[in-house]
Amino acid sequence: MGIFSKLQEKIKSAIPRSVIRDLSEVLKPDQIVLDQAGLQAFETDALTAIQVLPFVVVMPESTADVAAVAKISHKYDVPMVPRGAGTSLAGGAIPTSNAIVVCLSRMNKILDIDLVNRSAKVQAGVTNLAISAAVDRDGFFYAPDPSSQLSCTIAGNIAMNSGGAHCLKYGVTTHNILGVKLVTAEGEILEFGGPFLDPAGYDFLSLIVGSEGGLGIVTEATVMLRAKPEGARPLLLGFESHEQAGDCVAAIIGKGYLPVAIEFMDKPAIKACEEHARAGYPLDVEALLIIEFEGATEEIDASFQQVLRIASQFNPVHKRIANTDEEAQAIWLGRKSAFGAIGRISEYLCMDGVIPLSKLSHVLSKIAEICSSYKFQVSNIFHAGDGNLHPLILYDANRTGEFQRVEKCGAEILELCVMAGGCITGEHGVGLEKRDLMTLQFSETDLINQMRVKLLFDPNWVLNPDKVFPLELAETFRRDESSLSDGEST
Amino acid sequence: MQDMLTPLVNRDLKDMILDAKDKGTSLEILGHGTKRMIGRYSEKNVPLTMRRFSEVTLYEPSELVISARAGTPIVEIERELKGYGQHLPFEHLDFSKLFETEPGYGTIGSLFATNFSGSRRLLKGSARDHLIGVKGINGRGESFSSGGRVMKNVAGYDLAKLMANSWGTLAVMTEVTIKLLPTPPSECTLFLYGLEEDIALEALRTAIATPYEVSGAVHLNKTHAFPCLEGVTYVQDKAVTAIRLENTPKSLAYRSEKIRELLSAFGELFYIDEPESKLFWQNMRQLAFLANRDDAIWRVSTSPQRAFQSARQIKKLVDSQVSYDWGGGLLWISTRGVADMGSSDIRRIIAQAGGHATLIYPGVDATQPVSPFHPLDPAHMQLTKGLKSMFDPAGVLNPGRMYDGV
């Protein structure tokens, strides 16, 4: 049974109108969306194949607003689905039909920039790029750079533990968050961490970052700022085979060079990007690498020379060094417009598996085989430095049953990633899309240990309730836990 | 002294945990015991050492990933990495000088269980940040895993990082997987001598805010500086402010010159090349500056902006020496002559500034019991107890090590 069908089966229990009455007592009228047209704007996120109309949407403007909403949710046992900008590719912000969607986009103030502490305190609805823009002139930036960074919010980044091309050097969100303010399922306000390193006691921050809104609603974050490099430039290498490109990446890292980003594109992706962006990519190669270094001009030049020396063992048939900012932008232009470029050709499902680099060639061949068996075309775009694959499976959304088939094809690819020693998501999260695939990567006991954490923070399971964990397992777990006499936990 | 339990495989460990659970007893989880002096100790706990869980199970230099069983000696892992020009980038602390234990001991499991990161944490992150996968057994006797062997993994809740700094109270780690980094090809350090604390911290802040990737930024007072300067060319009987750079020799020449220009107003900068630079930072990592067995030792993580002010307040109230790491964000405080080791004043002042203070060693004057770990507020304590009860409901694993009832 597909995700959509399962969602349709969700009970649309009679939600007391008094929920709306109580919400209108704590929020202004323009903070509550109830009309059909307004609600439709929140029925999906970037996983547009699934749409579910929420019960009500609220637009809090402060932590106190969120806490007030949470208290109402708790009083009536109504689920809450937190939402940033709705850019989740895994359906993390898609509501259930009986949910209050808590949209944080109005909480978009940068509260404090503290360059001495190299940190900034921001409301959760601030966009990722707005943080870097606010400190750019002072020579700082916020490092995690998901592709959607122009529009995605820090709340969503924290929920999904987002990353991006430059995470090879700077890590993902969890490495760059110092503290959070959070509203619990019961409406309490908690703070973890702050403008200092390594908080005391258990590492609750590590749980909250990446919890997909299931442990609390983050309303403020203290993020780490880093000093901007003097400069950054990429070079482009084209190879006649995937193996040569993959081996080249392994050799660069193995020889002790750590670029700030290494991106990989296969032939179909190169072709689509070139047709769309006219970035000057070679069309006669099977694989392309974009390798970026940071530093002063001479430092980057020296790194390029070393990388070219290493790459020469793998016979690159195309080499292009960016010597100016314009040339650098041209090289990145194609990669950054890749998803849009493929989208011009066809609907696609963007997968997000991670593999050990040593298995690259094997995995790419197998992906081609799997997609071929379903008669789907596929383009592969890849954060090669950290093994984060993005196979884009092209399909026809207008054909009945096609989405279910492409989901199945994607699941096989993710299973392949796990079999190769990798995982089912490197940066997009689990959401609705992959909750039933969690069993590929985790044993039942692994998931039970995670669900116990959920239960500790959210005893009534009202926060983004149908995400992350396989539904049947979650239901069994909750039934078993509630039937326990608490004997073990006292 | 109770007999030490020494499991060899997961089955043994699981049986020992379940046996303790059935009998209502509890276990003290140890690696080599190098950090046994830190935290609360209970004679009731039966010691269990993970030292026989010793093996590197996977090493992929081209993927910057290594996996090892939890009892693997750190030195063994470092030896393996050295051959491939890679390292554990967080510069974990070595307490052997402070606790007068055999140098070179310590297991990889205990490194992550305690999450003590050294000077490079400023630039490269903590031990926790590099822990990408964990296998373990919780207090219920359940084997579980989290994360994996790839460095980017956002599937499910990150229980791997939760294990860092949990001091073996939630689960016994049986295997860890670590993200590595290439060892920088060379390093140098710039020294400024005799700066007042507030001026020194400003110099450090200025250096860190540059694009030159400062990987160590400390200020040691005159007393603390002396032991760290052993074997270093430029020795002066003054406080030392040190700024480390790591890169290719050509880059170091360029970057150190830039920093020298920028900081020239703070005084004369002395360029310390390898091997003296390495020696200085090794002394830092080994806490050579604190190896006075009379003093109580505090490790304080706080807001760099409030660090100087906090230190000044503390020194007014407590006979103490203060040095700074992490560009001012980490205070090492040694106190003497106070029954509570300065606990009440230090913790009150740090709580106001934001951060927390851990008592690493009580010194010789201790007469009052002091919680080694920073007390938690009621809401955090409730969650902490809740988490403990989820993973270890019977309180089998290191009960009370961190907090009473946890």
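Against the definition (in contact (Cβ under 8 Å) with a residue 24 or more places away in the chain, more than 12 Å from chain B (Cβ to nearest Cβ), in contact with a Gly (Cβ under 7 Å, 6 or more places away or on another chain) and open to solvent by less than 20 Å² (accessible area, probe 1.4 Å)), how does A:A261 come out, yes or no?
It is true that A:A261 is in contact (Cβ under 8 Å) with a residue 24 or more places away in the chain, more than 12 Å from chain B (Cβ to nearest Cβ), in contact with a Gly (Cβ under 7 Å, 6 or more places away or on another chain) and open to solvent by less than 20 Å² (accessible area, probe 1.4 Å).
Hey, any hits in the range A:278-292 for a residue that's within 29 Å of the chain's Cα centre (by Cα), modelled with pLDDT under 95, assigned to a helix (DSSP H, G or I) and surrounded by fewer than 20 Cβ atoms within 10 Å (Cβ to Cβ)?
No - not one qualifying residue is present in the range A:278-292.
Which of the residues spanning the range B:157-173 are closer than 16 Å to B:D129 by Cα and among the small types (G, A, S)?
B:A160, B:A164, B:S166
Scan (1) away from chain B (no Cβ under 14 Å); (2) under 21 Å from A:S97 (Cβ atoms) for the single condition A:R479 breaks and write down its number.
For A:R479, the exception is condition (2).
Taking A:L333 as meeting all but one of (1) outside any helix (DSSP H, G or I); (2) open to solvent by 80 Å² or more (accessible area, probe 1.4 Å), write down the number of the exception.
(1)
Answer yes or no as to whether A:S206 is in contact (Cβ under 8 Å) with a residue 12 or more places away in the chain, at the interface with chain B (Cβ under 9 Å from one of its Cβ atoms), part of a helix (DSSP H, G or I) and not hydrophobic (A, V, I, L, M, F, W, C).
It is true that A:S206 is in contact (Cβ under 8 Å) with a residue 12 or more places away in the chain, at the interface with chain B (Cβ under 9 Å from one of its Cβ atoms), part of a helix (DSSP H, G or I) and not hydrophobic (A, V, I, L, M, F, W, C).
I'd like the full set of residues that are without any contact (Cβ under 8 Å) to a residue 60 or more places away in the chain and small (G, A, S), limited to the range A:295-317.
Within the range A:295-317, A:A302, A:S303, A:S312 meet the criteria.
Is there a residue in the range B:239-251 that is of a type in the set (A, V, I, L, M, F, W, C), more than 30 Å from A:G193 (Cβ to Cβ) and open to solvent by 30 Å² or more (accessible area, probe 1.4 Å)?
Within the range B:239-251 (the criterion being of a type in the set (A, V, I, L, M, F, W, C), more than 30 Å from A:G193 (Cβ to Cβ) and open to solvent by 30 Å² or more (accessible area, probe 1.4 Å)), the answer is no, since none of the residues qualifies.
Can you tell me which of (1) in contact with a Gly (Cβ under 6 Å, 6 or more places away or on another chain); (2) part of a helix (DSSP H, G or I) is the one A:S73 doesn't meet?
Result: A:S73 fails condition (1) only.
Looking only at the range A:386-423, count how many residues are of a type in the set (S, T, Y) and either closer than 14 Å to A:D352 by Cα or in contact with a Phe, Trp or Tyr (Cβ under 8 Å, 6 or more places away or on another chain) (or both).
Number of matching residues: 1.
Take the conditions open to solvent by 50 Å² or more (accessible area, probe 1.4 Å) and among the small types (G, A, S) and apply them to A:S365. Does it pass?
So A:S365 fits the description; yes.
For A:S361, state whether it is over 21 Å from the mean Cα position of the chain (by Cα), of a type in the set (S, T, N, Q) and under 28 Å from B:P61 (Cβ atoms).
When the stated conditions are applied, A:S361 passes them.
Keeping to the range B:371-406, report how many residues are farther than 21 Å from A:D446 by Cα, surrounded by 16 or more Cβ atoms within 10 Å (Cβ to Cβ) and either in contact with an Asp or Glu (Cβ under 7 Å, 6 or more places away or on another chain) or facing another protein chain (nearest Cβ under 8 Å) (or both).
Looking only at that region, the number is 7.
Of the conditions (1) within 11 Å of chain B (Cβ to nearest Cβ); (2) open to solvent by 10 Å² or more (accessible area, probe 1.4 Å), A:N176 satisfies every one except a single condition; which number is it?
In the conditions (1) within 11 Å of chain B (Cβ to nearest Cβ); (2) open to solvent by 10 Å² or more (accessible area, probe 1.4 Å), A:N176 misses (2) alone.
Taking the condition within 26 Å of the chain's Cα centre (by Cα), assigned to a strand (DSSP E or B), away from chain B (no Cβ under 14 Å) and closer than 25 Å to A:G194 by Cβ, does A:P60 pass?
Taking the combined requirement at face value, the residue does not satisfy it.
Determine which member of the set B:A311, B:A353 is buried (at least 18 other Cβ atoms within 10 Å of the Cβ) and within 9 Å of chain A (Cβ to nearest Cβ).
B:A353
Among the residues of the range B:109-143, which ones are touching a Gly at 6+ places or on another chain (Cβ under 7 Å), buried (at least 24 other Cβ atoms within 10 Å of the Cβ) and charged (D, E, K, R)?
Hit for the range B:109-143 is B:R120, nothing else.
Mind telling me which of the residues A:Q450, A:Q441 ends up being closer than 28 Å to A:G164 by Cβ and in contact with a Cys (Cβ under 6 Å, 6 or more places away or on another chain)?
Exactly one residue qualifies, and that residue is A:Q441.
In the range A:91-140, what residues are within 14 Å of chain B (Cβ to nearest Cβ), modelled with pLDDT of 95 or more, out of contact with any strand residue (DSSP E or B) (no Cβ under 7 Å at 6 or more places or on another chain) and buried (at least 18 other Cβ atoms within 10 Å of the Cβ)?
A:G92
When the residues of the range A:376-396 are narrowed to those that are in a strand (DSSP E or B) and among the aromatic types (F, W, Y), which ends up modelled with the highest pLDDT?
Out of the qualifying residues, it is A:Y395.
Within the range A:414-457, track down each residue that is surrounded by 21 or more Cβ atoms within 10 Å (Cβ to Cβ) and away from every other protein chain (no Cβ under 11 Å).
A:L416, A:L432, A:E433
From the residues in the range B:76-108 that are surrounded by fewer than 19 Cβ atoms within 10 Å (Cβ to Cβ), touching a Leu at 6+ places or on another chain (Cβ under 8 Å) and assigned to a helix (DSSP H, G or I), which one is nearest to the other protein chains (Cβ to nearest Cβ)?
B:E78
I need the strands (runs of 3 or more DSSP E) fully contained in the range B:290-340, keeping only those with at least 2 residues that are farther than 30 Å from A:L115 by Cβ.
Passing ranges, in order: B:296-302, B:330-335.
Identify all residues within the range A:235-245 that are open to solvent by less than 10 Å² (accessible area, probe 1.4 Å) and either in contact with a Leu (Cβ under 6 Å, 6 or more places away or on another chain) or polar (S, T, N, Q) (or both); write none if there are none.
Answer for the range A:235-245, where residues must be open to solvent by less than 10 Å² (accessible area, probe 1.4 Å) and either in contact with a Leu (Cβ under 6 Å, 6 or more places away or on another chain) or polar (S, T, N, Q) (or both): A:L237, A:G238, A:A245.
Considering only residues that are touching a strand residue (DSSP E or B) at 6+ places or on another chain (Cβ under 7 Å) and among the small types (G, A, S), look in the range B:259-295 and name the one that is surrounded by the fewest Cβ atoms within 10 Å (Cβ to Cβ).
Top of the filtered list is B:G267.
Cβ contacts < 8 Å: first residue over 25 Å from B:R293 (Cβ atoms), restricted to the range B:346-367; second residue part of a helix (DSSP H, G or I) and of a type in the set (V, I, T), any location; separation 6+ or different chain. Result?
From the range B:346-367, the pairs are B:I349/B:I314.
Taking into account only those residues within the range B:118-157 that are closer than 27 Å to B:R40 by Cβ and without any contact (Cβ under 8 Å) to a residue 24 or more places away in the chain, which is nearest to the other protein chains (Cβ to nearest Cβ)?
B:E142
Filter the range B:245-293 for residues that are in contact with a Leu (Cβ under 7 Å, 6 or more places away or on another chain), under 18 Å from A:T297 (Cα atoms) and not hydrophobic (A, V, I, L, M, F, W, C) and give the result.
Within the range B:245-293, B:R255, B:S256 qualify.
The values are calculated or read from the model by the stated rules, or taken from the named source; none is laboratory data. Quick caveat, the model's predicted, so the values are computed rather than measured. We place every Cβ from the backbone using ideal geometry, glycine too, and count neighbours over all the protein chains shown. These accessible areas exclude ligands, DNA and RNA; they are computed on the full protein's heavy atoms, side chains included. Shrake-Rupley method; radii C 1.70, N 1.55, O 1.52, S 1.80 Å.
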